[in-house]
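*Asks:* Here's a structure for you.
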Amino acid sequence: MSDPKADLAESWLKKAKRDLETAQRLAKGPEPFLDTAIYHYHQSAEKALKGFLVFNNQRFEKTHDLSILIQSAIPFNEKFSLLFGDGETLTPYVTTFRYPGEDTEPSKEEFDNAAKAANNIFNFIMNLLPTEVHS
């Protein structure tokens with residue numbers, strides 16, 4: 001018999017993993033799409049956090065602010081507080097570079113920092129959750 005909570009958490013984590021892989025693919029090649037890839041790094045972290053919260057029966061508001069989601073996860077593991085810096089790094093990329101304006105491309109340093117932050121959040125969460133919800 002299937003556990004609906006675990007199934008939903010697994011779905012969130014599968015999407016998070018796909019966003020992580022999408023970002024990595026978009027960053028490769030002779031003409032990388034770093035502006036789009038950095039957005040997917042944000043999305044990976046957001047979906048991983050939401051998957052963790054779903055697994056723990058924690059409701060969350062509709063938000064793209066990773067600090068809010070991290071704060072919601074701290075009651076389940078205090079070490080989530082170590083991820084606030086990663087959340088602050090990634091949160092602006094939900095909109096920055098997505099629309100025309102002054103900033104059209106992230107710098108190599110911004111991109112590398114976003115990649116590291118997204119991987120930190122994703123891997124931290126995957127290490128906390130049982131393998132049955134890993135995608």
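The values are calculated or read from the model by the stated rules, or taken from the named source; none is laboratory data. Since the model is a prediction, treat every value here as computed from it, not as a measurement. Cβ atoms come from the backbone with ideal geometry, glycine included; neighbour counts cover every protein chain shown.
*Asks:* Answer with yes or no whether residue 101 is on the phi > 0 side of the Ramachandran plot and not basic (Lys, Arg).
*Replies:* yes
*Asks:* Within the stretch 25-60, count every residue that is in contact (Cβ under 8 Å) with a residue 24 or more places away in the chain, crowded, with 16+ Cβ neighbours inside 10 Å and of a type outside the set (Gly, Ala, Ser).
*Replies:* Looking only at that region, the number is 14.
*Asks:* What's the number of the condition residue 133 fails, among (1) within 21 Å of residue 3 (Cα to Cα); (2) surrounded by fewer than 16 Cβ atoms within 10 Å (Cβ to Cβ); (3) modelled with pLDDT under 95?
*Replies:* Among (1) within 21 Å of residue 3 (Cα to Cα); (2) surrounded by fewer than 16 Cβ atoms within 10 Å (Cβ to Cβ); (3) modelled with pLDDT under 95, residue 133 violates only (2).
*Asks:* Which residue pairs have Cβ atoms under 8 Å apart, sit 6 or more places apart or on different chains, and have a first residue in the stretch 106-130 that is within 20 Å of residue 8 (Cβ to Cβ) and in contact (Cβ under 8 Å) with a residue 40 or more places away in the chain and a second that is assigned to a helix (DSSP H, G or I) and polar (S, T, N, Q)?
*Replies:* Filtered contacts from the stretch 106-130: 121/44; 122/44.
*Asks:* Quick one: residue 85 ticks every box in (1) surrounded by fewer than 18 Cβ atoms within 10 Å (Cβ to Cβ); (2) within 22 Å of residue 9 (Cα to Cα); (3) of a type in the set (Gly, Ala, Ser) except a single one, so which number is it?
*Replies:* All conditions are met except number (2).
*Asks:* Has the stretch 1-12 got at least one residue that is surrounded by 16 or more Cβ atoms within 10 Å (Cβ to Cβ) and over 16 Å from residue 129 (Cβ atoms)?
*Replies:* Taking every residue of the stretch 1-12 in turn, none turns out to be surrounded by 16 or more Cβ atoms within 10 Å (Cβ to Cβ) and over 16 Å from residue 129 (Cβ atoms).
*Asks:* Something else: Free of Cβ contacts under 8 Å to residues at least 40 places away in the same chain and not small (Gly, Ala, Ser): does that describe residue 63?
*Replies:* Criteria met by residue 63.
*Asks:* Can we say residue 39 is aromatic (Phe, Trp, Tyr) and under 19 Å from residue 113 (Cβ atoms)?
*Replies:* yes
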